[in-house]
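Working notes, beginning with the structure itself.
The values are calculated or read from the model by the stated rules, or taken from the named source; none is laboratory data. Everything quoted here is computed from the prediction, not taken from an experiment. Glycine gets a Cβ as well: all are built from the backbone with ideal geometry, and neighbour counts include every protein chain shown.
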């Protein structure tokens with residue numbers, strides 16, 4: 001199961017002069033098991049902060065987050081994360097990167113490699129098994145990062161603008177692949193993006209956030225049938241709606 | 001033969017010609033201009049002395065004794081320097097505990113420790129090793145510290161999210177491999193400094209054998225051809241040690257780095 005309950009979560013940071021700045025303000029949200037939710041909003045709206053808190057990499061100033069009823073406080077392998085930056089360990093080969101989480105859980109090396117091979121196949125990079133990350137393109141690196149995050153069978157996959165650094169073509173391909181993986185693995189996916197195109201293509205629900213301090217401005221249900229057509233009139237209408245919401249935020 | 005091979009061959013040829021020219025000039029200057037073995041032994045003199053040193057077996061003793069001193073110092077510097085650098089770089093606050101001590105001790109030239117080395121350890125191998133240690137330990141500490149300080153946060157967080165939580169594991173699986181290029185550079189610098197300290201320590205009579213000791217000894221006998229033999233040997237051995245280390249590190253430990261500039 002991967003049901004997340006976010007209750008009254010706020011996060012303030014202290015500036016150097018001690019003055020507090022709010023990053024998140026009273027965010028409450030319920031995410032169903034196996035749901036695909038995209039977070040979108042102007043930069044500095046706290047969407048990354050929210051994701052980091054859910055990962056356990058940051059602690060909320062107030063409020064709490066429950067995963068299937070259990071409070072989240074520290075990172076653990078139940079919540080996998082894919083970062084915006086290239087986060088593969090450059091000193092480990094592709095297969096060793098994917099096996100890392102399993103090895104940390106105490107899985108025997110042989111078994112870990114076997115499972116890792118399965119996930120490598122999953123993202124279609126078998127022939128790069130023994131390559132080092134520097135030998136891969138950006139898209140391939142993020143594929144491996146997804147495989148690495150999935151290898152420990154997390155209930156929730158947190159993705160912080162994972163395709164932000166990729167070119168448009170690669171981005172589209174990876175979006176397709178991600179949906180395929182999501183269909184097969186049935187994990188809950190929380191996906192931060194600032195591309196409405198991406199959000200409309202991927203999400204069951206889009207959470208639009210307002211500028212600092214980050215609040216939920218609107219939650220949009222995307223009930224378009226999958227596979228989705230990027231240029232269908234319904235998609236365009238939805239994109240326009242999100243665009244308008246974001247424009248309001250920029251003027252604020 | 002392709003163009004690359006041809007070019008390589010030409011470069012080797014140029015290098016050989018350059019070396020041979022210097023040797024020829026050296027021989028001519030020594031024979032025709034200086035004409036004094038004390039001021040400038042000729043190339044032939046040096047070669048003959050070298051053969052002599054090989055024949056009477058002194059060379060092997062001296063090399064092995066010097067390498068022993070060097071190893072004692074380097075190994076000690078590594079076992080002590082690495083953990084200190086790691087602790088300083090990884091744990092917040094530890095920096096403030098070690099830093100003042102290091103900053104006071106570090107500027108003292110290693111050779112200034114020789115009197116204490118003799119008082120503490122006598123005229124022993126440990127004594128020479130200690131001086132090498134003093135020279136080598138600081139570059140290792142500082143480069144390990146710098147390497148650990150510049151471990152990218154995203155690697156640490158990625159590891160945490162994958163269930164690698166304890167400091168011990170984070171250091172072992174993330175920080176140490178990430179800092180390895182910097183640590184390796186530190187060890188190379190340390191070996192250079194250590195090699196210099198070795199010669200000085202042996203010259204000051206910290207030991208009764210070794211390449212540095214022999215330079216001083218032959219100087220007292222005014223056998224400058226032998227002095228030159230040992231000088232060249234020191235240079236050559238230092239070069240070999242550095243090359244072997246670099247090849248080992250680059251081929252085995254750092255092959256994950258792209259575009260390493262040799």
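Could you please let me know if residue A:51 is closer than 21 Å to residue A:219 by Cβ and within 14 Å of another protein chain (Cβ to nearest Cβ)? Taking the combined requirement at face value, the residue satisfies it. In this structure, does residue B:111 turn out to be outside any helix (DSSP H, G or I) and under 18 Å from residue B:213 (Cα atoms)? In short, no.
This table checks each residue for (1) closer than 28 Å to residue B:82 by Cβ; (2) within 12 Å of chain A (Cβ to nearest Cβ); (3) surrounded by fewer than 16 Cβ atoms within 10 Å (Cβ to Cβ).
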position	(1), (2), (3)
B:179	yes, yes, no
B:203	no, no, no
B:213	no, no, no
B:234	yes, no, no
B:249	yes, no, no
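Those helices (runs of 4 or more DSSP H) of the stretch A:56-169 in which at least 2 residues are outside the structural domain of residue A:14 (by TED's automatic domain parsing) and within 21 Å of residue B:175 (Cβ to Cβ), considering only elements entirely within it, cover A:94-104, A:138-150. Entry remark, the stretch A:111-127: residues being away from chain B (no Cβ under 14 Å), closer than 24 Å to residue A:176 by Cα and either surrounded by fewer than 19 Cβ atoms within 10 Å (Cβ to Cβ) or within 20 Å of the chain's Cα centre (by Cα) (or both) number 9 in total. Cβ-Cβ distances below 7 Å connect the following pairs, each with a first residue in the stretch B:113-130 that is closer than 16 Å to residue B:75 by Cβ, a second residue that is surrounded by fewer than 22 Cβ atoms within 10 Å (Cβ to Cβ), and a separation of six or more residues or different chains: B:125/B:68; B:125/B:72; B:126/B:72; B:127/B:118; B:127/B:121; B:129/B:72; B:129/B:76; B:130/B:121. Of the residues making up the stretch A:128-165, those that are under 15 Å from residue A:191 (Cα atoms), in contact with a helix residue (DSSP H, G or I) (Cβ under 6 Å, 6 or more places away or on another chain) and away from chain B (no Cβ under 13 Å) number 1.
Can you find a residue in the stretch B:183-195 that is within 14 Å of chain A (Cβ to nearest Cβ) and either in contact (Cβ under 8 Å) with a residue 24 or more places away in the chain or buried (at least 24 other Cβ atoms within 10 Å of the Cβ) (or both)? Within the stretch B:183-195, one or more residues are within 14 Å of chain A (Cβ to nearest Cβ) and either in contact (Cβ under 8 Å) with a residue 24 or more places away in the chain or buried (at least 24 other Cβ atoms within 10 Å of the Cβ) (or both). From the list A:70, A:107, the lone residue that is more than 20 Å from residue B:156 (Cβ to Cβ) and within 14 Å of chain B (Cβ to nearest Cβ) is A:107. I'd like to know if the stretch A:170-180 contains one or more residues that are within 14 Å of another protein chain (Cβ to nearest Cβ) and out of contact with any strand residue (DSSP E or B) (no Cβ under 7 Å at 6 or more places or on another chain). No; the residues of the stretch A:170-180 include none that is within 14 Å of another protein chain (Cβ to nearest Cβ) and out of contact with any strand residue (DSSP E or B) (no Cβ under 7 Å at 6 or more places or on another chain). How many of the residues making up the stretch A:223-247 are in contact (Cβ under 8 Å) with a residue 12 or more places away in the chain, in a helix (DSSP H, G or I) and exposed (fewer than 14 other Cβ atoms within 10 Å of the Cβ)? Within the stretch A:223-247, residues that are in contact (Cβ under 8 Å) with a residue 12 or more places away in the chain, in a helix (DSSP H, G or I) and exposed (fewer than 14 other Cβ atoms within 10 Å of the Cβ) number 1. The sole residue among B:151, B:156 that is within 14 Å of chain A (Cβ to nearest Cβ), under 27 Å from residue B:99 (Cβ atoms) and outside any helix (DSSP H, G or I) is B:151. For the condition over 19 Å from residue A:147 (Cα atoms) and touching a residue at least 40 places away in the same chain (Cβ under 8 Å), residue A:22 qualifies.
Set side by side, the residues A:45, A:38 differ, and just one is buried (at least 17 other Cβ atoms within 10 Å of the Cβ) and out of contact with any helix residue (DSSP H, G or I) (no Cβ under 6 Å at 6 or more places or on another chain), which is A:45. Scanning the stretch B:165-175 turns up no residue that is buried (at least 22 other Cβ atoms within 10 Å of the Cβ) and under 21 Å from residue B:74 (Cα atoms).
It is to be established whether one or more residues within the stretch B:126-146 are within 14 Å of chain A (Cβ to nearest Cβ) and either crowded, with 22+ Cβ neighbours inside 10 Å or touching a strand residue (DSSP E or B) at 6+ places or on another chain (Cβ under 8 Å) (or both). Checked the stretch B:126-146: no residue is within 14 Å of chain A (Cβ to nearest Cβ) and either crowded, with 22+ Cβ neighbours inside 10 Å or touching a strand residue (DSSP E or B) at 6+ places or on another chain (Cβ under 8 Å) (or both).
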